[in-house]
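In what follows, a structure is listed as structure tokens, so that the remarks can point back to it.
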Amino acid sequence: MIKTPLTRWFDLTTPVIGAPMAGVSGGELARAVSLGGGLGMIGVSGRHSAGFVTDQCAVPAASEVPFGVGLMIWALDDRPDLLEVTIAAQPSLVSMSFGDPAPYVGPLHDAGIAVASQVNTLADAHRALEAGVDVLVAQGTEAGGHTGQRTLLPLLQEVLALTDRPVVAAGGIATGAAMAGALVAGAAGVWVGTAFLSCTEGLNSAAARERVREATGDETVLTRAFDVAEGIAWPERWPGRALVNEFSRVWHGREDELVEDDDARRLVVEGRRTGDPATAPLYAGEAVGLVTTERSATDVVRELDAGAEKALRAASRLLT
Ligand SMILES: Cc1cc2nc3c(=O)[nH]c(=O)nc-3n(C[C@H](O)[C@H](O)[C@H](O)COP(=O)(O)O)c2cc1C
């Protein structure tokens, strides 16, 4: 069994955190990850209702497994209710990402809830440490969804050098061997999203899962085009990594023009509504090529854990 400061803190049997993924990781996915021995998180965007958060949190809570919630800081200015209902649901961990976590750490700690924050730069890491964040998540640009520009391994090493608090690795981890690599590098755990994009418990559609299983790791793009088209106020420093499609081929890099083009923007809004893969955003990371079957998230966690244990044992044989 793999033990790290993260497994001890949250009483897990494996240091796998199921990343919050708005639109994919609801209560069922979080529950399935936690049943596998990890910590499943529920992804919440500024477009979700407070009732959605309460309902989704009730799913893992009913099974008495630990769970977490991931909030987007920049979206909370208009939606303070999302933090209130999250606190009321009493998760073990809340991720405050994509913004300054400082105002939120105190209220969460007062409610007995640990705080994680995804960091994309060294400056982000300093800010999170000063804010009193408990678990830093070094998120490399390989990650699916919204992310920064730095790759995981150098960022992870720099963040680890800053602190004794647990640092978790995110971005591109989809095999047990890669999980072992992150742990050997010093991470207290892994924060995995893309590997769960074709799970039976996800909120995403069957068509989206199929597209994920077909895609290779060569087919992602880090772009603001979908956010501009959908009119979502993501700060510019966090573009989103998505699968390349007809829309991104035409509009990635031409966001200034896109703002002025109502017809083009409508294509994405419509695509989102109908699920048209040519125009709808499908956020996924560079590890997408490793996702080839539809499975329970519980099995994905167990396989990561078993693969990591095997790789850790094999690694010791490299020493003479
Ligand atoms: C479809 C999708 C949606 C995501 N939504 C969120 C979100 O709502 N909140 C958040 O903090 N991170 C979100 N992320 C980023 C993940 O938390 C995580 O950093 C990322 O998935 C890790 O890299 P990986 O995808 O290579 O495993 C999302 C990622 C994906 C793939």
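Each value in this text was obtained by applying a stated rule to the coordinates, not by laboratory testing. Note that the structure is predicted; figures quoted are calculated from it, not measured. A quick note on method: Cβ atoms are made from the backbone with ideal geometry, for glycine too, and the neighbour counts reach across all protein chains shown.
Some points to look at:
- Each DSSP beta bridge with both residues in the chain is either parallel or antiparallel, and the antiparallel ones are about 20%.
- Environment charge of Ala50, counting only residues whose C-beta is closer than 14 Å and scoring Lys/Arg +1, Asp/Glu -1: -2
- A Förster radius of 41 Å, combined with the Cβ-Cβ distance separating Arg266 from Glu303, puts the computed FRET efficiency at roughly 0.50.
- Charge context of Asp134, other residues only, Cβ under 14 angstrom, K/R +1, D/E -1: -1
- In this calculation the C-beta distance from Thr274 to Thr163 is compared with R0 = 30 Å, giving a FRET efficiency of 0.05.
- Using just its DSSP H runs of length 4 or more, each adding -39500 (n - 2.57), the chain gives a mean residue ellipticity at 222 nm of -13000 deg cm²/dmol after division by all residues.
- Degrees, to the nearest 10: 176-185 long Cα axis against longest axis of the chain: 70 degrees
- Rounded tilt (10° steps) of 80-89 against the dominant C-alpha axis of the chain: 40 degrees
- Ala315 versus Glu219: modelled label distance in nm, points set 7 Å from Cα along the beta carbon direction: 3.2 nm
- Were the residues from Ser296 through Ala123 laid out at 0.36 nm apart, the gain over their Cα-Cα distance would be 58.6 nm.
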